[in-house]
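A.B. asks: Just dropping this structure here.
The values are calculated or read from the model by the stated rules, or taken from the named source; none is laboratory data. Quick caveat, the model's predicted, so the values are computed rather than measured. Positions of Cβ are generated from backbone atoms using ideal geometry, with glycine treated the same way; all protein chains shown enter the neighbour counts. Accessible surface is based on the protein model in full, side chains and every heavy atom, while ligands, DNA and RNA are left aside. Shrake-Rupley method; radii C 1.70, N 1.55, O 1.52, S 1.80 Å.
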Amino acid sequence: MSLKRILTPLPAASAPLRRQAAAMSTAAVTKMNLFTAVNDAMRIAMKTDDTAVVFGEDVAFGGVFRCSVGLREEFGNDRVFNTPLCEQGIAGFAIGYASMGKTAIAEIQFADYIFPAFDQIVNEAAKYRYRSGNEFDVGGLTFRTPCGAVGHGGHYHSQSPEAYFTMTPGLKVVMPRSPAEAKGLLLASIRDPNPVVFLEPKALYRTSVEEVPDGDYEIALGKADVMRTGADVTVVGWGGQLRVLEAACDMAEQERGISCELIDLRTLMPWDVETVEKSVNKTGRLIVSHEAPVTGGFAAEIATKITERCFLSLEAPIERVCGYDTPFPLIYEKYYVPDKLKCFEAIVKAAEY
Amino acid sequence: VSAEEWVRMYKAMVSQQEMDTIFYGSQRQGRVSFYMTATGEEAIHIGSAAALAFDDPVYAQYREAGVIMWRGFTKQQFADQCFSNVRDLGKGRQMPIHVGSSEHHFHTISSPLSTQIPQAVGAAYALKQEGRDNVAMCFFGEGAASEGDFHAALNFAGTLEVPIVFFCRNNGYAISTPTHEQYRGDGIASRAVGYGMHAIRVDGNDMAAVYAATKAARELAISNSCPVLIEAMTYRVGHHSTSDDSSRYRSIDEIKKWKEDVDPISRFRNYLEKEGLWSQDEDTQLRSDERLEVLKALEAAETAGKPSLEEMFTDVFDEKPAHLVEQEEAMLAHIAKYPDKY
């Protein structure tokens, strides 16, 4: 993937000031996987912000997914530390630290275990600024948590809980699709003056590798990425699902000559309605795909919003290709997930409607 | 503590009591939608607040109004919040008594119980990182101490070695639930040992004792960068809130006994009078002055306007994103269409 594809130019009028890579045109890059990119982002965040601290379960030795390797050695054990095994404590502690105007990077070891922290995140973090009339805020707070299917995770190591958080006013929700995306989005999330839930597709930690720009850069929140342009069908996803969708789009092109426009939402809350709307007005057909269960999943929000915005442009019903409404089943994983073939079928169905 | 300071503290307790009486009454009159008194716990508020530094961040539950008042939050400001008017710092977004003020280092109250406890630990960690000569001060009731967040917080405070004072107001009831149905161990203080921290149990209705305990706890917490737990034994003389009628679950005799035998304000007044620092006449005058001040504040709060409708969509995020701009426009358009109905 070329450097230009990775870094999206930011609309000057609307985006807050963001720092770009040191020399965009001749940027140095390093081949990295997702956990190394996340690690790099946290390192840069901590270098540029003395108040930034990283904490959670097992982060001190490097983390169960190696995202925090080397950070303690570099920044000291007062800035990189283990907490007791308690997500509600991690969340409450993070909120308190951030409420003092500091930067808290809190890890929840698996998104499946974020639920004890749900009260703190939804009732406290999300509402801290609003309920206080802006007397206080926890803008410096970012939760990082691995999510998604990994092949053998079953009920409690595979969940994608993003939809629970998108319905909570006051939270931003972000999910990167690749290392270079993750680094830029994580830096943007940490520095965004609002609490952010940053979900990292764990299946990509080792397997997703690409050239990642060195140095400090951010990818704007709230802005989707049109990964490839197309004429016939708009395909929308986020996180690990984009790899599946890319393959499905390739298959649709090769076998049926269907030209797909593939969009990575990147930020789910607030999501880039304009970019998807523009695309569907052009193609008239939309597929939305995510691993999370279909009913009440975030695709429902996108489908409804686009129906409102693009009703007269739509040539086919909007298709959702998602997980079924069962707990994530171990032995049935390959049947459960919205794989390349299911996505291909949906693309064809929409294209031929 | 100088004599003047003791008198000032006494006056603050009386002020709190008078404010509670009148605000409670105003809810009964239908002027304010909701209120919670702290009757019987005034010594806890003032005794602890006076022992803190002004910039010790306070994370409270909801029955600690005297703490923010001690710091200078005015009766007018309190009334403004209760009436959700245009001057409310919280912009009218929350129920009465959910006050907060960054100027006074008092974090805005939220209804969910015990959520503030682990937050206070995070705040204490920030203080430690900055090397400040401060503690985080965290208040909660004995009922809230049953919540998971309490246990999470104490464990974190011990392992992360933060300068924090956990202050438990054990007032005998969590709405209708008496302490016998809340815990079986030796109160809340005994839990401190399990989490590796110092604790002290104190007579919450003895203001001097509360003051001394808080001062000592604070010094220990700062010098050792460690948590300290205070359990102040007291009694909730009033109802849980204006939505509660406590005669349904406790006897009038029980309330009477606590009110008459160990009322914190009477006890301290007796002490001041014995020391020649206070008189009945001064007391009568004080109460009359306080009452008048509260009534004035109430009236001014009631007649002030409501916050602007535009504040409904601000502060969700630092800046208003596109979808909120749209929703706001839609709402305003709807209201413009039905101007008499809203």
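A.B. asks: Let me spell out the model: positive unit charges on the Cβ of Lys and Arg, negative unit charges on the Cβ of Asp and Glu, origin at the Cα centre of the protein assembly as shown. What dipole size does that give, in debye rounded to 20?
C.D. replies: 740 debye
A.B. asks: Which percent, nearest 5, of DSSP beta bridges in chain B are antiparallel?
C.D. replies: 10 percent
A.B. asks: Only bridges with both residues in the range B:122-263 count here: give the DSSP antiparallel percent, nearest 5.
C.D. replies: So the antiparallel bridges amount to about 10 percent of the total.
A.B. asks: Turning to a different aspect of this structure: Using θ = phi - 60° and the Karplus form 6.51 cos²θ - 1.76 cosθ + 1.60, what ³J(HN,Hα) does each residue of the range B:283-293 get, whole Hz, x for Gly and Pro?
C.D. replies: Taking θ as phi minus 60°, the curve returns 5, 4, 4, 4, 4, 5, 4, 4, 4, 4, 4 Hz for the range B:283-293.
A.B. asks: Among B:ALA199, B:ALA212, B:PRO321, which residue has its Cα positioned farthest towards the positive end of the charge dipole of chain B, with +1 placed on the Cβ of Lys and Arg, -1 on the Cβ of Asp and Glu, and the dipole taken about the Cα centre?
C.D. replies: Among B:ALA199, B:ALA212, B:PRO321, the one farthest towards the positive end of the dipole of chain B is B:ALA199.
A.B. asks: Still on this model: Just need the relative contact order of chain A here, percent rounded to a whole number, with Cα pairs under 8 Å and 6+ apart.
C.D. replies: Normalised by residue count, the contact order of chain A is 17 percent.
A.B. asks: Taking amide H positions as placed in the peptide plane 1.01 Å from N, state which residues far from A:LEU141 in sequence (5 or more) or on other chains have amide H under 5 Å from it.
C.D. replies: Under 5 Å from the amide H of A:LEU141: A:ALA104, A:VAL196.
A.B. asks: Give the accessible surface of the range A:54-129 per residue, rounded to a whole number of Å², with probe radius 1.4 Å and ligands, DNA and RNA excluded.
C.D. replies: For the range A:54-129, the solvent-accessible area averages 29 Å² per residue.
A.B. asks: Next up: Dividing the convex hull volume of the alpha carbon atoms of the range A:17-169 by its residue count, what do you get in Å³ per residue?
C.D. replies: 146 Å³
A.B. asks: Where does the longest stretch of chain B lie that holds no trypsin sites (Lys or Arg not before Pro) found in a DSSP loop with 13 or fewer other Cβ atoms within 10 Å?
C.D. replies: For trypsin sites (Lys or Arg not before Pro) (loop position, at most 13 other Cβ atoms within 10 Å), the longest site-free span of chain B is B:1-183.
A.B. asks: Also: Could you tell me which of rounded, prolate or oblate describes the protein assembly as shown, using a ≥ b ≥ c as the square roots of the eigenvalues of the alpha-carbon gyration tensor, with rounded for a/c under 1.5 and, failing that, prolate when a/b is larger than b/c and oblate otherwise?
C.D. replies: Note, shape of the protein assembly as shown comes out prolate.
A.B. asks: Run the reach check for A:LYS127 against lysines, Cα to Cα strictly under 17 Å, same-chain hits fewer than 8 apart removed. What comes back?
C.D. replies: Of all the lysines, those that pass the test against A:LYS127 - Cα under 17 Å, at least 8 places apart if same chain - are A:LYS172, B:LYS91, B:LYS320.
A.B. asks: Another one. Would you work out if the range B:140-233 is rounded, prolate or oblate? Take a ≥ b ≥ c from the square roots of the eigenvalues of the alpha-carbon gyration tensor; rounded if a/c is under 1.5, else prolate when a/b is larger than b/c, oblate otherwise.
C.D. replies: Oblate shape, in that a/c is at least 1.5 and b/c is the bigger or equal ratio.
A.B. asks: What's the local net charge at B:ARG201, with K and R +1, D and E -1, over the other residues with C-beta under 11 Å away?
C.D. replies: Result for the neighbourhood of B:ARG201: -3.
A.B. asks: Search the structure for amide H atoms under 5 Å from the amide H of A:VAL321, placed 1.01 Å from N in the peptide plane, and list their residues when 5 or more places away or on another chain.
C.D. replies: A:VAL288, A:SER289, A:HIS290
A.B. asks: Let me ask something additional. To the nearest 20 Debye, how big is the dipole of the range A:23-173 about its Cα centre, given +1 on the beta carbon of each Lys and Arg and -1 on that of each Asp and Glu?
C.D. replies: Approximately 320 debye in magnitude.
A.B. asks: Work out from phi, with θ = phi - 60° and the Karplus expression 6.51 cos²θ - 1.76 cosθ + 1.60, the ³J(HN,Hα) of each residue of the range A:109-122, listed in order in whole Hz, and give x for Gly and Pro.
C.D. replies: Calculated HN-Hα couplings, in order: 3, 9, 4, 4, 9, 7, 5, x, 8, 4, 4, 4, 5, 7 Hz.
A.B. asks: Just to confirm my numbers, what's the Cα centroid distance between the range B:75-148 and the range B:13-37 in Å?
C.D. replies: Between the Cα centres of the range B:75-148 and the range B:13-37 lies a distance of 20 Å.
A.B. asks: Which far-off residues, 5 or more places away or on another chain, put their amide H under 5 Å from the one on B:ILE200, with H placed in the peptide plane?
C.D. replies: B:LEU229, B:ILE230, B:GLU231
A.B. asks: At 222 nm, what value in deg cm²/dmol follows for chain B if DSSP H runs of at least 4 each add -39500 (n - 2.57) and the sum is divided by all its residues, to the nearest 500?
C.D. replies: -15500 deg cm²/dmol
A.B. asks: Cα to Cα, under 29 Å, and not fewer than 8 places away if on the same chain: which lysines meet these conditions relative to B:LYS215?
C.D. replies: Result set, ordered by chain and number: A:LYS102, B:LYS11, B:LYS75, B:LYS128, B:LYS259, B:LYS274.
A.B. asks: Still on this structure: How compact is chain B by the rule of thumb for globular proteins, expressed as Cα Rg over 2.2 N^0.38 Å?
C.D. replies: Ratio of Cα Rg to 2.2 N^0.38 Å: 1.04.
A.B. asks: If each residue of separation counts as 0.36 nm, what is the full-extension length gain between B:GLU130 and B:SER288 once their alpha-carbon separation is subtracted?
C.D. replies: Using 0.36 nm per residue and subtracting the Cα-Cα distance, I get 52.4 nm.
A.B. asks: Given the options B:ILE200, B:ILE164, B:ILE97, which has the most mean-square fluctuation in a GNM of chain B, springs set between C-alpha atoms less than 10 angstrom apart?
C.D. replies: Among B:ILE200, B:ILE164, B:ILE97, the largest mean-square fluctuation in the Gaussian network model of chain B belongs to B:ILE200.
A.B. asks: Still on this model: HN-Hα J couplings of the range B:186-199 from phi, Karplus 6.51/-1.76/1.60, θ = phi - 60°, integer Hz, Gly and Pro as x?
C.D. replies: 7, x, 8, 4, 5, 5, 4, 4, x, 9, x, 9, 6, 8
A.B. asks: How much of the accessible area of the protein assembly as shown, in percent, comes from carbon and sulfur atoms when a 1.4 Å probe is used?
C.D. replies: Taking all protein chains in place, the protein assembly as shown shows 52 percent carbon and sulfur surface.
A.B. asks: Something else: Taking every DSSP beta bridge that has both residues in the range A:212-286, what percent is antiparallel when rounded to the nearest 5?
C.D. replies: Beta bridges within the range A:212-286, antiparallel portion: roughly 35 percent.
A.B. asks: Also, quick follow-up: Sort by residue number and name the cysteines in the protein assembly as shown that have no neighbouring cysteine Cβ under 4.7 Å.
C.D. replies: For the protein assembly as shown, the answer is A:CYS67, A:CYS86, A:CYS147, A:CYS310, A:CYS322, A:CYS343, B:CYS82, B:CYS138, B:CYS168, B:CYS226, because their Cβ atoms have no other cysteine Cβ under 4.7 Å.
A.B. asks: Most fluctuating residue of B:GLU311, B:GLU293, B:GLU42 in a GNM of chain B with Cα springs under 10 Å: which is it?
C.D. replies: Of B:GLU311, B:GLU293, B:GLU42, the Gaussian network model singles out B:GLU311 as fluctuating most.
A.B. asks: Moving to a separate point now. So how strong a dipole does the range B:171-264 carry about its Cα centre when Lys and Arg Cβ are +1 and Asp and Glu Cβ are -1, to the nearest 20 debye?
C.D. replies: Around 220 debye, computed over the range B:171-264.
A.B. asks: Among A:VAL29, A:VAL209, A:VAL276, which one moves the most in a GNM of chain A with springs linking Cα atoms closer than 10 Å?
C.D. replies: Of the options given, A:VAL29 has the highest mean-square fluctuation.
A.B. asks: Shifting gears a bit: In the range A:224-264, whose amide N lies under 15 Å from the spot 7 Å out along Cα-to-Cβ of B:ALA322? List them in ranges.
C.D. replies: A:224-226, A:263-264
A.B. asks: Could you calculate, for the range A:97-234, the ratio of the Cα radius of gyration to the Kirkwood radius, expressed as Rg to Rh?
C.D. replies: Here Rg/Rh amounts to 0.99.
A.B. asks: Rounded, prolate or oblate: which fits the range B:53-198 when a ≥ b ≥ c are the square roots of the eigenvalues of the alpha-carbon gyration tensor, with rounded for a/c under 1.5 and prolate only if a/b beats b/c?
C.D. replies: oblate
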